Amino acid sequence: MSWLSDEPDDPYEEYGDSVRERPNPKANRPRTKIRPEHADSVDGFVTAVDRGRYTVVVRDGQPDEAIITTTRARELRKQAIVAGDRVDVVGDTSGDEGTLSRIVRIQPRTTVLRRSADDSDEFERVIVANADLMLMVVAARDPEPRPRLVHRYLVAAYDAGITPILVVTKTDLADPAPLLAHFEGLDIETWRSRSDDPPAAALRERLDSHVTVAVGHSGVGKSTLVNALVPEAGRAVGHVNAVTGRGRHTSSSTQSYRLGSGWVIDTPGVRSFGLGHIDVASILKAFPDIQAASDDCPRGCTHLADAPDCAIQEAADRGELDRTRVESVQGLLGTLTVEDRW
Ligand SMILES: Nc1nc2c(ncn2[C@@H]2O[C@H](COP(=O)(O)OP(=O)(O)OP(=O)(O)O)[C@@H](O)[C@H]2O)c(=O)[nH]1
Ligand SMILES: [Zn+2]
C-alpha cells in the first residue's frame with residue numbers, strides 16, 4: 001500500500017466508510033447521545049492529511065483566509081477525513097502560531113473516490129472526496145502505457161460519478177495513438193502533453209472551478225504536469241530508471257493546489273488500484289444505452305465477450321450498439337474479474 005503514505009492514525013479509519021454503508025439496526029432509534037452543536041464552527045477545505053493532522057483552508061478566498069493544521073474531534077475517530085473534504089472546524093482558526101483547532105464535522109460529500117487494497121479486498125479506502133473530475137495521467141512511453149490501469153481508473157471514476165479526463169504525457173517520445181486506440185468508443189475527453197510544450201493554459205481553463213483528482217502511475221510525468229498547471233505547486237520531479245522505465249516514488253503524499261477557483265488534488269503514484277468494492281451494475285450505470293440492453297441478459301450475466309446469451313453482445317451483433325464501445329465496456333468489466341499486478 002505504498003502508494004498512499006498517509007497511513008491512517010486509527011486502525012478503524014480506513015474502514016470507516018464501509019462501516020457507514022452497512023445496514024444500521026439502530027438507524028430508526030432516536031439518538032441517545034446529543035452531540036455539541038458547534039454553532040461557532042467555520043467551514044474549511046481539507047488540502048492534505050498527514051498522520052492524524054489535517055491541513056485545512058478556512059475562509060477560502062477572503063482577506064482573512066488561513067491555512068491551519070487541525071486535529072479531529074473524538075466522535076470522528078472512526079471516519080476517514082481526506083483531501084477534498086469540506087469540514088466544520090472549531091477553536092482558534094486564525095492560523096497564528098501555537099493555536100489549536102479541530103474538525104467537528106465532515107460535510108456531506110458529493111463524490112467519494114475509493115480503492116481497495118486489491119480486488120479480493122472488500123474493505124475500501126477513501127482516497128479523495130468531492131472531486132468532480134479525474135485527470136488520468138499516462139505516458140505515451142517511458143514507462144510503457146498500461147491500458148488496463150487506465151481501465152481501472154475509469155471504473156473507479158464511473159463508480160464514483162466523477163468525469164474522467166485522459167492526459168497522455170511524453171508525446172515527444174512516442175505517438176499516443178496506439179494507447180488511445182484502447183479507449184475508442186468510451187467518449188473520453190483526451191489531452192496530449194509534452195513537458196517542453198504542455199497545454200497548460202487550455203487545461204487550466206478546463207479545470208478551473210472544478211475539484212480535480214490527478215491519478216497516474218509513478219514516473220508518468222504527473223508532477224511535471226501539475227507543476228505546469230500550478231507553478232507554485234513545486235511538486236518534486238523524479239527520475240525514470242532508464243532500464244526499467246519505472247519511476248521512483250517521489251511524490252509521497254496527497255496534496256491539493258488551488259487552480260483558479262477550483263482545486264487540483266495530486267495523489268501519490270498508484271501501484272495498485274483495487275476494485276474489490278465495485279460491482280458490474282455500477283460500471284454499466286455510466287453507459288445508459290448499454291445498461292438498457294443488459295435488461296434482457298440472463299441473470300448473473302457477466303456481459304463479457306464470451307458470456308452466453310448476453311443481450312449486450314446480441315444488440316451489438318444486430319448493429320444496435322456501437323461495437324467498439326461495447327468492446328471497451330467489456331474491457332472495463334473484465335478488469336473486475338482479472339487480477340492485475342503492477
Ligand atoms: N521526454 C519527456 N519527459 C518527461 C515529460 N514529462 C515528464 N518527463 C520526465 O519524466 C520523469 C518523471 O516525471 P515526474 O513528473 O516526476 O513523474 P510523476 O508521475 O510525478 O512520478 P512520481 O513523482 O514518481 O509519482 C522526469 O524525469 C521528467 O522530467 C514529457 O512530457 N516528456
Ligand atoms: Zn450480458
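Within the set VAL46, VAL89, the sole residue that is farther than 27 Å from ARG235 by Cα and modelled with pLDDT of 95 or more turns out to be VAL89.
Among what's in segment 305-337 and is within 11 Å of ligand 2 (Cβ to nearest atom) and under 13 Å from PHE287 (Cα atoms), pick the residue that is farthest from the chain's Cα centre (by Cα). The extreme case among them is ILE312.
Scan segment 58-80 residue by residue and report those that are open to solvent by 60 Å² or more (accessible area, probe 1.4 Å) and within 24 Å of the chain's Cα centre (by Cα). Listed by number, the residues that qualify are ILE67, THR69, ARG77, LYS78, GLN79. Scanning segment 170-192 for residues being touching a Leu at 6+ places or on another chain (Cβ under 6 Å) and not hydrophobic (A, V, I, L, M, F, W, C) gives a total of 1.
If you go through segment 237-260 and keep only what is touching an Asp or Glu at 6+ places or on another chain (Cβ under 6 Å) and modelled with pLDDT of 85 or more, you end up with GLN255, GLY260. Among the residues of segment 81-101, those identified as surrounded by 17 or more Cβ atoms within 10 Å (Cβ to Cβ) and not charged (D, E, K, R) are ILE81, VAL82, ALA83, GLY84, VAL87, VAL89, VAL90, GLY91, THR93, GLY95, SER101. Where helices (runs of 4 or more DSSP H) fall entirely within segment 275-342, those with at least 1 residues that are open to solvent by less than 20 Å² (accessible area, probe 1.4 Å) and at pLDDT below 85 are at 280-284, 323-337. Considering only residues that are more than 10 Å from ligand 1 (Cβ to nearest atom), modelled with pLDDT of 95 or more and assigned to a loop (DSSP other than H, G, I, E, B), which ones fall in segment 177-201? Listed by number, the list holds a single entry, PRO199. Residue count for segment 59-117 satisfying the condition of being part of a strand (DSSP E or B) and among the hydrophobic types (A, V, I, L, M, F, W, C): 11.
The values are calculated or read from the model by the stated rules, or taken from the named source; none is laboratory data. Just so it is clear, the model here is predicted, and its values are computed rather than measured. Note that we place each Cβ from the backbone using ideal geometry, even for glycine, and neighbour counts take in every protein chain shown. What goes into the accessible areas is simple: the full protein's heavy atoms, side chains included, and nothing from ligands, DNA or RNA. Shrake-Rupley method; radii C 1.70, N 1.55, O 1.52, S 1.80 Å.
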